[in-house]
Amino acid sequence: MNIRSETLLDYPAIAEVNTLAFGQENEAKLVEEIRRSDHYIGELSMVAEVEGVVVGHILFSYIDLVGAETLQVLGLAPIAVCPQFQRQGIGSKLVQAGLERANVRGEAMVIVLGHPQFYPRFGFKPSVDYEIESPFPVPEDVFMVKPLQNYQEKYKGKVVYPPAFDGV
């Protein structure tokens, strides 16, 4: 398996992976919307290939953390693996590769709305532990934060997702 940043030629395959994984087009459209925004980070939109075929995708993009000041942090969404390749560790490898790359870039933290059985193995903890408020009425254990090497105490407040997320 090969994990790398997406290229323009990957766009159709990434849309297909997201549509197949989620059974709808909302996440594929989200990826397209983020790409057209100033929240997009090409280096952090990554694919997993098996024998040259894109079978997984992960996207980290900028979201706002509004507290004493407005700070940009990373949001992890979406992550998708083709159904026939799920439960083989591809999603975990995408998350790990993305977190490593985000850390090298000097990002402060990653925020995810996701499964509490999956993300804690990567160091994610409930956002309330960091005084970070979810914009959604969800259980505390599904809205999580992973601090990176440049995390500082000033990263507190309420998460505000860009308009691209409105359709998901």
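The values are calculated or read from the model by the stated rules, or taken from the named source; none is laboratory data. Predicted, not measured: the structure shown is a model, and the values here were computed from it. So basically every Cβ, Gly included, is an ideal-geometry build from the backbone, and we count neighbours across all protein chains shown.
The rows are residues; the columns are (1) part of a helix (DSSP H, G or I); (2) over 26 Å from PRO135 (Cα atoms); (3) modelled with pLDDT of 95 or more; (4) basic (Lys, Arg).
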{"site": "GLU16", "(1), (2), (3), (4)": "yes, yes, yes, no"}
{"site": "ILE34", "(1), (2), (3), (4)": "yes, no, yes, no"}
{"site": "LEU59", "(1), (2), (3), (4)": "no, no, yes, no"}
{"site": "ASP64", "(1), (2), (3), (4)": "no, no, yes, no"}
{"site": "LEU71", "(1), (2), (3), (4)": "no, no, yes, no"}
> Which pairs do you get when a residue that is in contact (Cβ under 8 Å) with a residue 40 or more places away in the chain, found in the stretch 88-100, comes within reach of a residue that is in a helix (DSSP H, G or I) and among the aliphatic types (A, V, I, L, M), reach meaning Cβ atoms under 7 angstrom, with the pair 6+ apart or on two chains?
Replying inline: GLY98/LEU44
>> So PRO126 passes all but one of these: (1) farther than 26 Å from ASP38 by Cα; (2) surrounded by 19 or more Cβ atoms within 10 Å (Cβ to Cβ). Which condition number does it fail?
In response: (2)
>> So if I check each of GLU153, GLU133, which one is surrounded by 14 or more Cβ atoms within 10 Å (Cβ to Cβ) and acidic (Asp, Glu)?
In response: GLU133
> If you scan the stretch 97-145, which residues turn out to be assigned to a helix (DSSP H, G or I), closer than 18 Å to MET46 by Cβ and of a type in the set (A, V, I, L, M)?
Replying inline: ALA97, LEU99, ALA102, VAL104
> Name the residues in the stretch 148-160 that are in contact with a Phe, Trp or Tyr (Cβ under 9 Å, 6 or more places away or on another chain) and closer than 20 Å to TYR40 by Cα, would you?
Replying inline: VAL159
> So which residues in the stretch 8-44 are polar (S, T, N, Q) and in contact with a Gly (Cβ under 9 Å, 6 or more places away or on another chain)?
Replying inline: ASN26
> assigned to a helix (DSSP H, G or I), surrounded by fewer than 16 Cβ atoms within 10 Å (Cβ to Cβ) and at pLDDT 95 or above, is that true of LEU30?
Replying inline: no
> Do you know which of the residues in the stretch 74-85 that are more than 11 Å from the chain's Cα centre (by Cα) and surrounded by 15 or more Cβ atoms within 10 Å (Cβ to Cβ) is nearest to PHE136 (Cα to Cα)?
Replying inline: VAL81
